[in-house]
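To start, the structure under review is shown below, and the notes come after it.
The values are calculated or read from the model by the stated rules, or taken from the named source; none is laboratory data. Given the structure is predicted, the values throughout are model-derived calculations rather than measurements. Cβ: placed from backbone, ideal geometry, glycine included. Neighbour counts: every protein chain shown.
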Amino acid sequence: MSGETETPTRGRRLFVLLPLLVFLGLAGLFLWQLLSGRDVSEVPSALIGLPAPQTNLPALEGSNLPGLDSRAFAGKVTLVNVFASWCAPCREEHPVLLALAQDKRFTMAALNYKDRPENARRFLGDLGNPFQAIGVDEAGRTAIDWGVYGVPETFVIGKDGRIAYKHVGPLTAEAARDLLLPQIDKALAAPG
């Protein structure tokens, strides 16, 4: 009988070792991710290659521009930027959007996310307006359809109306040059 109390049972040993095994497994997974060389800031989108969500948002009142209508994507490459006046990174990326607007090979449209119209107009009035269309998503429901994680985000829509690329976060000049413009070029070269 004394032998049974001195040696722990197999179940008790497993109970003690289980947290250590879980920790080692998670540590190994994190190390593998770190050493994989994959860009962990890249957020994949399940919508790449699929038609852009059916969208028909009202125009930003007082902007004299049309709203965001996905039917307008047909036959041309369109950049759709999700922004809000309350978004500090949107303000940071705005000079990049203004520079991109100089390239007339594609159209630039915006989805104004959970914003007040007067604030959005002031934002664009102060910083400049690179967009040819601005749709207002006051409740944020359309952004959910687009798979938006947060603002800002930028989508490249091909001539076939499909989402060709998604950039999460503010566009920098480098990201526009190295990531976005090659995707735009690819979308322009693809059959419509």
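To keep it simple, each residue is scored yes or no on (1) out of contact with any Phe, Trp or Tyr (no Cβ under 6 Å at 6 or more places or on another chain); (2) at pLDDT below 95.
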position	(1), (2)
99	yes, no
119	yes, no
124	yes, no
129	yes, no
132	yes, no
143	no, no
146	yes, no
150	yes, yes
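Can you spot a residue in the range 94-110 that is more than 25 Å from residue 162 (Cβ to Cβ) and of a type in the set (Asp, Glu)?
Just the residues of the range 94-110 that are more than 25 Å from residue 162 (Cβ to Cβ), to begin with: 94-95, 98-99, 102.
If we keep only those that are of a type in the set (Asp, Glu) too, we end up with none.
No, because not a single residue in the range 94-110 is more than 25 Å from residue 162 (Cβ to Cβ) and of a type in the set (Asp, Glu).
For (1) assigned by TED's automatic domain parsing to the domain that holds residue 85; (2) among the β-branched types (Val, Ile, Thr); (3) on the phi < 0 side of the Ramachandran plot, each residue gets a yes or a no:
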{"residue": "134", "(1), (2), (3)": "yes, yes, yes"}
{"residue": "137", "(1), (2), (3)": "yes, no, yes"}
{"residue": "143", "(1), (2), (3)": "yes, no, yes"}
{"residue": "147", "(1), (2), (3)": "yes, no, no"}
{"residue": "158", "(1), (2), (3)": "yes, no, yes"}
{"residue": "165", "(1), (2), (3)": "yes, no, yes"}
Counting only residues that are free of Cβ contacts under 8 Å to residues at least 40 places away in the same chain and of a type in the set (Lys, Arg), which one in the range 50-96 is surrounded by the fewest Cβ atoms within 10 Å (Cβ to Cβ)?
-> 71
Out of all the residues in the range 152-164, is one or more outside any strand (DSSP E or B) and over 22 Å from residue 191 (Cα atoms)?
-> yes
Give the range 56-77 a look and list any residue that's assigned to a helix (DSSP H, G or I) and out of contact with any Gly (no Cβ under 6 Å at 6 or more places or on another chain), or say none.
-> 70, 71, 72
Unique match (being more than 13 Å from the chain's Cα centre (by Cα) and surrounded by 14 or more Cβ atoms within 10 Å (Cβ to Cβ)) among 171, 180, 127 | 127
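From 157, 144, 48, 134, which residue is farther than 27 Å from residue 192 by Cβ and of a type in the set (Val, Ile, Thr)? Reasoning before the result, please.
Values: 157 fails: farther than 27 Å from residue 192 by Cβ; 48 fails: farther than 27 Å from residue 192 by Cβ; 134 fails: farther than 27 Å from residue 192 by Cβ.
Unique residue meeting the criteria: 144.
Could you list, in sequence order, all residues of the range 78-113 that are assigned to a loop (DSSP other than H, G, I, E, B) and either among the polar types (S, T, N, Q) or out of contact with any strand residue (DSSP E or B) (no Cβ under 7 Å at 6 or more places or on another chain) (or both)?
85, 86, 87, 102, 103, 104, 105, listed by residue number.
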